[in-house]
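Below is one structure; the comments refer to it alone.
Derivation of every value follows stated rules applied to the coordinates shown; laboratory data play no part. Predicted model, so just to flag it, every value in this text is computed and none were measured. Backbone-built Cβ (ideal geometry, glycine too); neighbour counts: all protein chains shown.
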Amino acid sequence: MEYDVVIVGAGPAGLSAAIRLKQLNADCNVVVLEKGSEVGAHILSGAVLDPIGLNRLIPDWKEKGAPIKTEVKADKFFLFGPAGSLRVPNFVMPPLMNNHGNYIVSMANVCRWLAEQAEALGVEVFPGMSCSELVYGENGEVKGVVAGEFGISKDGSKGEGYEPGMELHGKYVMLSEGARGSLSKIAISKYALDQDVEPPKFGLGMKEIWDIDPKNHSEGTVLHSAGWPLSWKQGGGSFLYHAENNQVFLGMIVDLNYKNPHQYPYAEFQRWKHHPEIADLLKGGKRVAYGARVVTKGGYQSIPKAVFPGGALLGCTIGLVNLPRIKGNHNAMLSGIHAAEAAHAALAAGRSGDELLAYDDAIHDGPIADDLKPVRNVAPLNSRFGPLLGGMMMGGLDMWAATIAKFNVFGTLSHKKDDAESTEKQSKYKPIDYPKPDGILSFDRLTNVSFTATNHSEDQPSHLKLIDDSVPIKINLPEYDEPAQRYCPAGVYEVLTDDDGSNPRFNINAQNCIHCKTCDIKDPSKNIVWTVPEGGGGPNYPNM
């Protein structure tokens, strides 16, 4: 199938690109391919939305009925200890941290609405279409993708209901797969797009939605916290947003550069809900949804080259999250707009299959850079000195200087290691004794996974590939206590033994996978490769 532009991923970046292309030229032939069962099924975000991107894309979004109604009314930041909290006055926070004019939203529902706008303009949107391969032209450029292959059996043979994939070709191909996209990884490696930048960095974001007692609800209130239960050396933080209909969106981001292989990010999140500040608010409430997804946190210095022959990388695929603001959707939308405008100009000039250099320039010379440059040192300061001394005090100084004097005190700091390399040997640490979930505020992983509506066809090859099957037991278990047992927020990986503890073996429950991508990032041996399962598989988030 031939198109002018093929877009992989129906997130805020991909849908913004599709809409902008049709706004610029109604005759432009655009297709958006989404691996989720529907648009929004795989979208998970906090989220407090800065509407700067949407204002530029669809200025009359309010009149068109966008599901964006809860404006932020109160902004609170706390430092948590085990039994108490200290509120940080708003006036000491850099102005860029202010949430005035932003909205508490379900990005899954925002993307569903954006898909409606795209389809109304004539964009073809195909959900349930996993894109498993890039297709190359005669000169090595990307000219398309393979999508929609179904019916491969576990043994790799073609089952009775086998359906071959189709090639969708485009004059340009845009990859907007979100953080750690599988095709994006291939493009970055093939074209050495990251050779002149710092390593990418990530955090694991976990989120729940709760229905709470109306007397505890304060619509429009935004709460962020740092500190307990994470140590003063551990990067990460938590959020709680009062949305509509007596619901709160709450969660934790644990930076994946942690050193102790015994750390259990999911258990840290569950423990956080027992803090008095949170537990009192949730009392009498009910958890109604759960999900997890990695978040990019490398910042400006980790952005790879965003273009390659025949295509471009959009949104969180290249890491456009503003870490201290915990926001990336606005930059994702802006990147989609910039990519569309560059592609439109190229198509109008009769070009195809080349590099959209105007798009890469727009990232570094426009509003995205203006947003990310002032905060570029927060992540490396976090890593070196911890979130309190490094992220808050030193990072705050750096952000204030960037706001007032338009320069960063620390210049541009490096990240040094990627997150897998940050993991240290288990011999340096004692195991951590985490409290058992109480089933009221905290829950075990498998119970929470049931609230993601995750499903994969059982008779398909595992989409979680081991480069070397022997590594988990021969290397990761003795040296790191096989951390996959803990870093996965869905209980996909486990070490099984006989009744007497002998004969350890590594088991992968791919059916549980909620597509967070943590394993592709944090495995200390870099032995796990996340690939796409059949289209429609994975979580089915209703309004995350």
Cα-based equivalent ellipsoid, the range 1-84: semi-axes from gyration tensor eigenvalues, Å: 34, 18, 10
Förster-model FRET efficiency, 30 Å R0, Glu167 and Ala453, C-beta, rounded to 0.05: 0.45
Top positive-direction residue, dipole computed over the range 30-133 with Cβ charges, set Ala120, Gly84, Cys131: Gly84
Theoretical FRET efficiency, 1/(1+(r/R0)^6), r = Cβ-Cβ of Asp361 and Ala192, R0 30 Å, to 0.05: 0.95
Sequence-distant residues sharing a close amide H with Ile152 (under 5 Å, placed H): Gly159
Inverse mean reciprocal Cα-Cα distance (Kirkwood Rh) of the range 373-523, Å: 18.8 Å
Gain in span if fully extended, Lys69 to Ser352, counting 0.36 nm per residue against the direct Cα distance: 97.8 nm
Cα Rg, Dmax, the range 260-415, angstrom units: 19.5, 62
Using θ = phi - 60° and Karplus 6.51 cos²θ - 1.76 cosθ + 1.60, couplings along the range 276-284 (whole Hz; Gly, Pro as x): x, 4, 8, 4, 5, 6, 7, 3, x
Leu86-Lys416 FRET efficiency (beta carbon distance; Förster radius 41 Å; 0.05 resolution): 0.85
In nm, spacing of pseudo-spin labels at Ile475 and Asp498 (7 Å Cα→C-beta vector): 2.7 nm
Between the range 227-274 and the range 442-464, the Cα center-to-center distance that results, in Å: 21 Å
Within the range 448-490, backbone nitrogen closer than 19 Å to the virtual label 7 Å beyond the Cα of Asp155 toward Cβ: 458-463
Net length gained if the chain between Lys526 and Asp438 were fully extended (0.36 nm per residue, minus Cα distance): 28.2 nm
Gain in span if fully extended, Ser427 to Phe407, counting 0.36 nm per residue against the direct Cα distance: 3.0 nm
Dipole-positive endmost among Asn503, Ile521, Pro533 within the range 499-544 (Cβ charges, Cα centre): Ile521
Placed amide H near Phe78: partners under 5 Å, 5+ positions off or other chain: Val88, His224, Ser225, Ala226
Once the Cα gyration tensor of the range 307-365 is diagonalised, semi-axes √(5λ) in Å: 24, 10, 8
Shape of the chain, Cα gyration tensor, a/c cut at 1.5: rounded
Principal axes of the range 71-211: Cα extent on each, largest first, Å: 59, 41, 39
Kirkwood hydrodynamic radius over Cα pairs of the range 185-270, then Stokes diffusion coefficient at 25 °C and 0.890 mPa s, in µm²/s: 160 µm²/s
